[in-house]
Amino acid sequence: MKDSNKKKLKLKVSAIKDGTVIDHIPASNLFDVINILGLNKIENQITFGTNLESEKLGSKAIIKVSDKFFADDEINKIALIAPHAKLNIINDYVVTEKKIVEIPDSVQGIVKCFNPKCITNNEKIITKFKVIDKSPLALKCCYCEKITDKDHLQII
Amino acid sequence: MSKKDLISITDYTKDDYLRIMDLAAEFEKNPNQDLLKGKVVASLFFEPSTRTRLSFETAISRLGGRIIGIADPGSSSVTKGETLHDTIRMVSNYADLIVMRHPLEGAARYAAEVASIPVINAGDGANQHPTQTLLDMYSILKTQGRLDNINIFMVGDLKYGRTVHSLLMAMSEFDNQIFNFIAPEELLMPEEYKMHLREKGIKYYEHREFTDIINAADIIYMTRVQKERFSDPIEYEKVKNVYILREKMLRNTKPNVRVLHPLPRVNEIHTDVDKSEKAYYFDQALNGVFTREAIIAHTLNLK
């Protein structure tokens, strides 16, 4: 059997009737994506696979959430750690829409400010950043005004 | 109308800068005006800073206001573990204005979010100290008669020195400036500020040597290399004595040049400069009172 056909067959096994499939997540960031989207706190049926082979990412993860459709600003939160993520919106086993994620212009409460002297690291405050560069990623803290870049990015 | 906080120098527009300059000149002519009569100003110094605190408290007193506050963080509720959030909420109910110095960066912006009354940032760690910048600008205006067409030399710690960063941002709003940076390799002006100048089409030059290149200057802005900004004490020892201004170095400079320094100095300006008419740093400190009167009046819409 051809590889692509094998893949299709495998995917069919865990296909969902209605909901969202999030594909092309870097395997190492799967659990951060789950946290950011709050998938650990909802009752929906969720299946995920990780350390799957990917030409683009080396190893990728995939999440399938039944009966869940994300708003754009909700899903764009994961763009910081899964910039190549692709969404398939499924209705009655059929892909009815495809979406890509987009890095938002501002980020609230997901990322930790890398500056240890920032007030947000010393008092209970929800962090807030302005995205000053999308590639390579650079976030300016709205409080201490320091820039957290991709290499120092830490998810709360 | 939303409240007028002053947290970062870029919270103000060019028009605001000019308005503060006008008001400061007015307060210099007539420093005692009862504009704050019946008002209470909270002076919250979570980190000791005698110079800035006295300057603010003089400004408030000359405006006829009353002061409540924290001068010694060691004896305040902070040592009991009260959060900044709770302190600010409480003080918001007591006072009409908060003047705040805090060791953590971003503390002033956060306080402004929490407070129902305006907040003036009197320094938040290594981040911002906007009233210093406005008094620096007022000193430049007074000594040069203009805020555009200035050749500014910034000397010393250009990497960690918040005063030079804020002054650069504010002065870049005015036309035909030239910036010259004199700093050791370890303390260069950060790229983001140079990029800002490039984007605005403003010329700047970088130098490692402190030589007769200063003869072209209108303003020489000296800074202290602060030990507490270094994580590695060896790095500090390497650079602390690199750039020292002496009187003889000023002999061939322009007659209008003035030496500014945010004070306190350590040894970067030799005491033999003090008697030179080009030394302006002590007058600069006095300008701080007039500028702070102007900022308070502007913030509370008293003028």
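Observations, loosely collected:
- For the stretch B:76-148, relative contact order (Cα pairs under 8 Å, six or more residues apart, normalised by length) works out to 24 percent.
- Close amide H partners of A:Asp133, meaning residues 5 or more places away or on another chain with modelled amide H under 5 Å apart, are A:Ala138.
- Relative to the longest principal axis of the Cα atoms of chain B, helix B:50-62 runs at roughly 60 degrees.
- Estimated [θ] at 222 nm from DSSP helical runs (n ≥ 4, -39500 (n - 2.57)) normalised by residues in chain A, nearest 500: -3500 deg cm²/dmol
- Amide H contacts under 5 Å for B:Ile70: B:Ser43, B:Leu44, B:Phe45, restricted to partners 5 or more places along the chain or on a different chain, H placed in the peptide plane at 1.01 Å from N.
- Straight-distance candidates among the lysines for linking to B:Lys80, with alpha-carbon spacing under 26 Å and chain neighbours fewer than 8 residues away dropped: A:Lys117, A:Lys124.
- Of all DSSP beta bridges in the protein assembly as shown, antiparallel share, percent nearest 5: 50
- Other residues with beta-carbon under 11 Å from the beta-carbon of B:Gln33 carry, at +1 per Lys or Arg and -1 per Asp or Glu, a net charge of +1.
- Summarising the amide proton neighbourhood of B:Thr83: residues at separation of 5 or more, or on other chains, whose placed amide H is nearer than 5 Å comprise an empty set.
- Residues considered: B:Thr58, B:Thr271, B:Thr253. Largest GNM mean-square fluctuation over chain B, using C-alpha springs under 10 Å, is found at B:Thr271.
- Separation in nanometres of the label points that stand 7 Å from Cα toward Cβ, at A:Asn40 and B:Lys275: 7.1
- Using the Cβ-Cβ distance between B:His207 and A:Lys68 with R0 set to 60 Å, the FRET efficiency works out to roughly 0.50.
- Of the trypsin sites (Lys or Arg not before Pro) found in the stretch B:123-225, those that fall in a DSSP loop while having at most 14 other beta-carbon atoms within 10 Å are B:Arg146, B:Lys200, B:Arg208.
- Whether the stretch B:1-45 is rounded, prolate or oblate, judged on the alpha carbon gyration tensor where a/c under 1.5 counts as rounded: oblate
- For chain B, the longest principal axis of the Cα atoms and the long axis of helix B:281-299 meet at an angle of about 40 degrees.
- Nearest 10 degrees, 0 to 90: helix A:3-13 Cα axis against chain A principal axis: 80
- Amide N proximity, the stretch B:270-285 versus B:Leu54 label position 7 Å along Cα-to-Cβ, cut-off under 15 Å: B:282-285
- A convex hull fitted to the Cα coordinates of chain B yields 134 cubic angstrom per residue.
- Selected from A:Ile89, A:Ile34, A:Ile126 as most flexible by GNM, with chain A as the system and alpha-carbon contacts under 10 Å: A:Ile126
- Across chain A, the mean sequence separation of Cα contacts (distance under 8 Å, 6 or more residues apart), normalised by length, yields a relative contact order of 20 percent.
- Candidates B:His207, B:His102, B:His261, ranked by Gaussian network fluctuation over chain B, Cα under 10 Å, top entry: B:His207
- With contacts taken as Cα pairs under 8 Å and at least 6 residues apart, chain B reaches a relative contact order of 20 percent.
Laboratory data are not the source of any read-out in this text; all were calculated from the coordinates shown. Small disclaimer: the values here were computed from a predicted structure and weren't measured. For neighbour counting, all protein chains shown are included, and Cβ atoms are generated from backbone atoms with ideal geometry for every residue, glycine included.
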